[in-house]
Amino acid sequence: MRRKLLVGNWKMHFTTHQASLLVHKLAEQVPVHRDVEVVLCPSFLALQSLSLQISHRQFKLGAEDCDWRDEGGYAGEVSATLLSGLVSYVIVGHSERRNVFREPHVDTRKKVQAVLRNGMKPILCVGETASERANGETRHVLHDQVVSGLANVTSEEIKDVVIAYEPVWAIGTGNSANPDDVEKAVKHIRKDVASLYGPEAEMGLRVLYGGSSSAENAVAYMSVKGIDGLLPGGASLHADQFAAMAAAMHSSAQEERGI
Ligand code: PGA
């Protein structure tokens, strides 16, 4: 059984002090379960201090982005090399990187490779915009993003890759996607991975849903076939919401095992 994965994307919120306060609350509210992995992605600034604060049995750390170059004269950037040893996961190709910062496919691909090269796990985000959806292009967009993001990833490396399906129109809007539509999208993503790497790689692949996921809809998404976890933004800023999502994930794992 694939281990469930809950990833909180805090984005550009919280000072290091506020981040520490939230972790303090989370430490009390999120029990350790072997079947659920809980990852916190604060701003780069808070990573070092949180790494000293968290119990690494309870939480793992992730970065929200990285630069694909290992080092050099790139003012303001943080490379995967600089993050290695500090985080376990790096979110790559988030829609805000792709759409607000105009990050092209080729950079996303290089970031996936940089994260793997530096011994961490990339969470590759894919998803269609509202207009792509309205034009019936969802399938095509997802295919492009998956194939391009995974280009040059070896069949050994694919084991460390997580893919997050995040429809752009659902992010930060409160308009979460219909679970039936999520199921269709995830099926396509899994099919693409199976045709690139074979059925075994697809079986091992963890796929997350993100886009206005919350404590209220967590159970519904965790029941979607092919979904292994969630990537909340807004809901991850509230300890009680995030803890409830972790609990939903544990219940879903138990249900799968017939407990
Ligand atoms: P949201 O963000 O849960 O606030 O919609 C999700 C994301 O951007 O990953």
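Structure summary
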quantity	calculated
The chain - charge dipole about Cα centre, Lys and Arg +1 at Cβ, Asp and Glu -1, debye rounded to 20	300
Pairs of alpha carbons in segment 179-218 whose separation is greater than 11 Å (percent)	66
Spatially proximal lysines relative to LYS60 (Cα-Cα < 24 Å; intrachain offsets below 8 disregarded)	LYS4, LYS11, LYS25, LYS110, LYS111, LYS121, LYS159
Around GLU157: net Lys/Arg minus Asp/Glu count, Cβ-Cβ under 15 Å	+3
At most 13 other Cβ within 10 Å, DSSP loop - trypsin sites (Lys or Arg not before Pro), segment 34-78	ARG34, ARG57
The chain, accessible area per residue, ligands and nucleic acids excluded (1.4 Å, Å²)	46
Sorted peptide list for 148-159, 181-192, criterion being average Cβ within 10 angstrom, highest first	181-192, 148-159
Isotropic mean projected area of the C-alpha convex hull, the chain (nm²)	12.9
Radius ratio Rg over Rh of segment 57-100, counting only Cα atoms, Kirkwood formula for Rh	1.02
Using distinct alpha-carbon pairs, which all enter the 1/r mean, Kirkwood radius of segment 26-90 in Å	12.8
The chain, relative contact order in percent, only Cα pairs under 8 angstrom and at least six apart counted	22
Given 11 as the ceiling on other Cβ atoms within 10 Å, longest exposed-site-free region of the chain for chymotrypsin sites (Phe, Trp or Tyr not before Pro) in DSSP loops	102-259
Scattering curve values for segment 56-175, log₁₀ I(q)/I(0), Debye with Cα scatterers, q = 0.10, 0.15, 0.22 Å⁻¹	-0.31, -0.68, -1.26
Solvent-free Debye scattering, log10 I(q)/I(0), computed from the Cα coordinates of segment 125-259 at q = 0.09, 0.13, 0.15, 0.17 Å⁻¹	-0.26, -0.55, -0.73, -0.92
Whole-Hz ³J(HN,Hα) from phi, Karplus 6.51 cos²θ - 1.76 cosθ + 1.60, for segment 176-188, glycine and proline x	6, 6, 5, x, 5, 5, 4, 4, 5, 4, 5, 4, 5
Exposure ranking of THR108, THR173 by accessible area [1.4 Å probe, largest first]	THR173, THR108
Cα-based equivalent ellipsoid of segment 1-133: semi-axis lengths in Å, sorted from largest, via gyration tensor	25, 18, 15
Lys/Arg +1, Asp/Glu -1 at C-beta; the chain dipole; positive extreme among HIS56, GLY72, LEU5	HIS56
Mean separation of Cα contacts under 8 Å, 6 or more apart, over the residue count of segment 173-223: relative contact order %	50
Segment 204-259 - percent relative contact order, Cα under 8 Å, separation 6 or more	38
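The values are calculated or read from the model by the stated rules, or taken from the named source; none is laboratory data. Owing to the predicted nature of the structure, the values given are computational and were not obtained by experimental measurement. Glycine also receives a Cβ, built like all others from the backbone with ideal geometry; neighbour counts cover every protein chain displayed. Heavy atoms of the whole protein, side chains included, go into the accessibility calculation; ligands, DNA and RNA do not. Shrake-Rupley method; radii C 1.70, N 1.55, O 1.52, S 1.80 Å.
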